[in-house]
Amino acid sequence: MLYLSANNSIVLLIDWQQRLVAAMPEQIESRNRAAVAVLLKAAAELEVPILASEQYPQGLGQTVSELSDLLPEATVRHPKTVFSAALVPELQEELAMSGRSHVIVVGMEAHVCVFQTVRGLREEGYAVHVPLDGVISRKKHDYMAAVGLMRQLGAVTTSIETVIFDWLRHGQGESFKVISRLIRD
(Lines give C-alpha, C1' and ligand atoms only; values in the text may rest on other atoms or scores of the structure.)
Protein backbone atom coordinates (compact mmCIF):
# COMPACT_ATOMS: atom_id res chain seq x y z
CA MET A 1 0.00 0.00 0.00
CA LEU A 2 1.58 3.26 -1.10
CA TYR A 3 -0.56 5.70 0.82
CA LEU A 4 -0.85 6.48 4.48
CA SER A 5 -3.95 5.91 6.52
CA ALA A 6 -4.68 6.31 10.19
CA ASN A 7 -4.99 2.51 10.30
CA ASN A 8 -1.61 1.65 8.79
CA SER A 9 0.53 4.36 10.44
CA ILE A 10 2.50 4.76 13.64
CA VAL A 11 4.49 7.81 14.73
CA LEU A 12 8.03 7.51 16.09
CA LEU A 13 9.33 10.52 18.04
CA ILE A 14 13.12 10.31 18.24
CA ASP A 15 15.15 12.06 20.91
CA TRP A 16 13.41 15.46 21.15
CA GLN A 17 15.21 16.02 24.44
CA GLN A 18 16.01 18.98 26.65
CA ARG A 19 19.78 19.17 26.16
CA LEU A 20 19.61 18.35 22.45
CA VAL A 21 17.10 21.15 21.93
CA ALA A 22 19.56 23.61 23.46
CA ALA A 23 22.10 22.76 20.71
CA MET A 24 19.67 23.30 17.81
CA PRO A 25 19.09 26.53 15.85
CA GLU A 26 16.44 28.13 18.07
CA GLN A 27 14.08 29.46 15.39
CA ILE A 28 14.07 26.22 13.39
CA GLU A 29 13.68 24.05 16.48
CA SER A 30 10.78 26.15 17.75
CA ARG A 31 8.96 26.00 14.40
CA ASN A 32 9.57 22.27 13.99
CA ARG A 33 8.53 21.52 17.57
CA ALA A 34 5.23 23.32 16.94
CA ALA A 35 4.70 21.26 13.77
CA VAL A 36 5.48 18.00 15.61
CA ALA A 37 3.01 19.03 18.34
CA VAL A 38 0.31 19.34 15.66
CA LEU A 39 1.26 15.88 14.34
CA LEU A 40 1.01 14.35 17.82
CA LYS A 41 -2.38 16.00 18.46
CA ALA A 42 -3.68 14.79 15.09
CA ALA A 43 -2.38 11.29 15.83
CA ALA A 44 -4.26 11.31 19.14
CA GLU A 45 -7.45 12.52 17.44
CA LEU A 46 -7.24 9.78 14.81
CA GLU A 47 -5.98 7.07 17.20
CA VAL A 48 -2.63 6.66 15.47
CA PRO A 49 -0.19 5.06 17.95
CA ILE A 50 2.96 6.91 19.00
CA LEU A 51 6.33 5.50 20.04
CA ALA A 52 9.17 7.54 21.55
CA SER A 53 12.89 7.16 22.16
CA GLU A 54 15.36 9.08 24.30
CA GLN A 55 19.10 9.02 23.66
CA TYR A 56 21.01 8.59 26.93
CA PRO A 57 18.37 10.41 29.03
CA GLN A 58 20.67 10.60 32.07
CA GLY A 59 22.90 12.98 30.12
CA LEU A 60 20.58 14.56 27.55
CA GLY A 61 17.46 14.90 29.68
CA GLN A 62 13.90 13.85 29.06
CA THR A 63 11.63 14.53 26.09
CA VAL A 64 10.70 18.23 26.19
CA SER A 65 7.48 18.79 28.11
CA GLU A 66 5.66 20.47 25.20
CA LEU A 67 5.85 17.16 23.31
CA SER A 68 5.95 14.75 26.23
CA ASP A 69 2.66 16.14 27.51
CA LEU A 70 1.04 15.22 24.17
CA LEU A 71 2.07 11.57 24.29
CA PRO A 72 -0.57 9.05 25.32
CA GLU A 73 -0.25 8.18 29.00
CA ALA A 74 0.91 4.63 28.30
CA THR A 75 3.69 5.72 25.92
CA VAL A 76 7.05 4.28 26.92
CA ARG A 77 9.97 6.58 26.22
CA HIS A 78 12.48 3.93 25.20
CA PRO A 79 15.94 4.84 26.51
CA LYS A 80 18.82 4.04 24.21
CA THR A 81 22.55 4.45 23.80
CA VAL A 82 22.60 3.16 20.21
CA PHE A 83 21.87 5.81 17.61
CA SER A 84 19.23 3.80 15.74
CA ALA A 85 15.96 3.42 17.63
CA ALA A 86 15.32 0.48 15.30
CA LEU A 87 17.96 -1.43 17.27
CA VAL A 88 16.17 -1.10 20.62
CA PRO A 89 14.60 -4.54 21.22
CA GLU A 90 11.63 -3.26 23.24
CA LEU A 91 10.83 -0.62 20.63
CA GLN A 92 11.19 -3.23 17.85
CA GLU A 93 8.75 -5.46 19.69
CA GLU A 94 6.25 -2.66 20.30
CA LEU A 95 6.43 -1.66 16.64
CA ALA A 96 5.94 -5.24 15.43
CA MET A 97 3.01 -5.79 17.80
CA SER A 98 1.30 -2.65 16.49
CA GLY A 99 0.76 -4.32 13.12
CA ARG A 100 1.43 -0.96 11.42
CA SER A 101 3.38 -0.93 8.15
CA HIS A 102 4.05 2.82 7.77
CA VAL A 103 6.28 4.64 10.27
CA ILE A 104 6.19 8.43 10.46
CA VAL A 105 9.60 9.42 11.83
CA VAL A 106 10.20 12.80 13.48
CA GLY A 107 13.05 13.90 15.74
CA MET A 108 16.66 14.90 16.04
CA GLU A 109 19.35 14.84 14.88
CA ALA A 110 18.40 14.16 11.27
CA HIS A 111 21.84 12.96 10.17
CA VAL A 112 22.50 10.68 13.15
CA CYS A 113 19.66 9.08 15.13
CA VAL A 114 16.89 9.85 12.63
CA PHE A 115 18.90 8.66 9.61
CA GLN A 116 20.12 5.50 11.31
CA THR A 117 16.61 4.71 12.54
CA VAL A 118 15.17 5.22 9.05
CA ARG A 119 17.84 2.91 7.64
CA GLY A 120 17.03 0.24 10.23
CA LEU A 121 13.28 0.51 9.65
CA ARG A 122 13.73 0.25 5.89
CA GLU A 123 15.92 -2.83 6.39
CA GLU A 124 13.05 -4.35 8.38
CA GLY A 125 10.65 -3.68 5.48
CA TYR A 126 8.68 -0.75 6.89
CA ALA A 127 7.46 2.07 4.69
CA VAL A 128 9.03 5.15 6.25
CA HIS A 129 7.77 8.71 5.91
CA VAL A 130 9.95 11.59 7.11
CA PRO A 131 8.23 14.98 7.39
CA LEU A 132 10.98 17.48 6.66
CA ASP A 133 9.40 19.96 9.07
CA GLY A 134 9.58 17.32 11.79
CA VAL A 135 13.32 16.59 11.79
CA ILE A 136 16.24 18.84 12.61
CA SER A 137 20.05 18.95 12.80
CA ARG A 138 22.36 21.55 14.27
CA LYS A 139 23.87 22.34 10.88
CA LYS A 140 22.09 22.80 7.57
CA HIS A 141 24.58 20.70 5.58
CA ASP A 142 24.03 17.75 7.96
CA TYR A 143 20.25 18.13 7.56
CA MET A 144 20.58 18.23 3.76
CA ALA A 145 22.87 15.18 3.74
CA ALA A 146 20.36 13.29 5.90
CA VAL A 147 17.47 14.14 3.58
CA GLY A 148 19.41 12.85 0.59
CA LEU A 149 20.49 9.68 2.36
CA MET A 150 16.96 8.92 3.57
CA ARG A 151 15.58 9.39 0.06
CA GLN A 152 18.22 6.99 -1.29
CA LEU A 153 17.01 4.43 1.24
CA GLY A 154 13.50 4.72 -0.17
CA ALA A 155 12.00 6.79 2.63
CA VAL A 156 9.25 9.19 1.57
CA THR A 157 10.15 12.76 2.40
CA THR A 158 7.02 14.72 3.10
CA SER A 159 5.52 17.34 5.41
CA ILE A 160 3.48 17.06 8.55
CA GLU A 161 0.40 18.55 6.89
CA THR A 162 0.67 16.07 4.03
CA VAL A 163 0.78 13.18 6.52
CA ILE A 164 -2.21 14.52 8.44
CA PHE A 165 -4.36 15.09 5.35
CA ASP A 166 -3.48 11.60 4.10
CA TRP A 167 -4.74 10.28 7.43
CA LEU A 168 -7.94 12.33 7.15
CA ARG A 169 -8.75 11.35 3.55
CA HIS A 170 -11.63 13.88 3.27
CA GLY A 171 -12.70 17.34 4.42
CA GLN A 172 -15.68 16.44 6.52
CA GLY A 173 -16.59 15.12 9.94
CA GLU A 174 -15.62 15.99 13.48
CA SER A 175 -11.97 14.90 13.16
CA PHE A 176 -11.52 17.17 10.14
CA LYS A 177 -12.92 20.10 12.14
CA VAL A 178 -10.63 19.41 15.10
CA ILE A 179 -7.53 18.97 12.96
CA SER A 180 -8.21 21.93 10.68
CA ARG A 181 -8.31 24.11 13.82
CA LEU A 182 -4.95 22.69 14.90
CA ILE A 183 -3.39 23.52 11.56
CA ARG A 184 -4.74 27.06 11.52
CA ASP A 185 -3.41 27.90 14.99
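The values are calculated or read from the model by the stated rules, or taken from the named source; none is laboratory data. From a predicted model like this one, the values you see are computed outputs, not experimental measurements. Backbone-built Cβ (ideal geometry, glycine too); neighbour counts: all protein chains shown.
If we keep just the residues of region 73-126 that are farther than 22 Å from M150 by Cα and among the hydrophobic types (A, V, I, L, M, F, W, C), which is modelled with the highest pLDDT?
Within region 73-126, the match that is modelled with the highest pLDDT is M97.
Which is over 15 Å from the mean Cα position of the chain (by Cα), buried (at least 16 other Cβ atoms within 10 Å of the Cβ) and within 13 Å of L51 (Cα to Cα), of E73, E94?
E94
Among the residues of region 159-169, count how many are under 9 Å from L4 (Cβ atoms) and surrounded by fewer than 18 Cβ atoms within 10 Å (Cβ to Cβ).
Counting residues in region 159-169 that are under 9 Å from L4 (Cβ atoms) and surrounded by fewer than 18 Cβ atoms within 10 Å (Cβ to Cβ) gives 2.
Quick one: would you say L71 is touching a strand residue (DSSP E or B) at 6+ places or on another chain (Cβ under 7 Å), in a helix (DSSP H, G or I) and without any contact (Cβ under 8 Å) to a residue 60 or more places away in the chain?
Against the criterion (touching a strand residue (DSSP E or B) at 6+ places or on another chain (Cβ under 7 Å), in a helix (DSSP H, G or I) and without any contact (Cβ under 8 Å) to a residue 60 or more places away in the chain), L71 does not qualify.
Run V11 past the list (1) closer than 25 Å to K139 by Cβ; (2) surrounded by 19 or more Cβ atoms within 10 Å (Cβ to Cβ); (3) of a type in the set (V, I, T) and report the number of the one that doesn't hold.
(1)
Residue pairs, Cβ under 8 Å, 6 or more apart or interchain, first in region 10-36 and touching a residue at least 24 places away in the same chain (Cβ under 8 Å), second part of a helix (DSSP H, G or I) and of a type in the set (K, R). List them.
As it stands, the answer is W16/R33; V21/R33, since those pairs meet every condition given.
Return the residues of region 42-70 that are polar (S, T, N, Q), within 23 Å of V178 (Cα to Cα) and surrounded by 17 or more Cβ atoms within 10 Å (Cβ to Cβ); say none if nothing qualifies.
S68
I need the full set of residues from region 147-157 which are β-branched (V, I, T) and closer than 16 Å to Y126 by Cα, in order please.
V156, T157
Could you pull out the residue among V118, V106 that is in a helix (DSSP H, G or I) and not acidic (D, E)?
Step by step, each of V118, V106 is checked, and only V118 is in a helix (DSSP H, G or I) and not acidic (D, E).
Restricting attention to region 122-157, and to residues there that are assigned to a helix (DSSP H, G or I) and in contact (Cβ under 8 Å) with a residue 60 or more places away in the chain, which single residue is surrounded by the most Cβ atoms within 10 Å (Cβ to Cβ)?
G134
In region 76-85, which residues are touching a strand residue (DSSP E or B) at 6+ places or on another chain (Cβ under 8 Å) and either surrounded by 17 or more Cβ atoms within 10 Å (Cβ to Cβ) or part of a strand (DSSP E or B) (or both)?
Scanning region 76-85 gives R77, H78, P79, K80, F83, A85.
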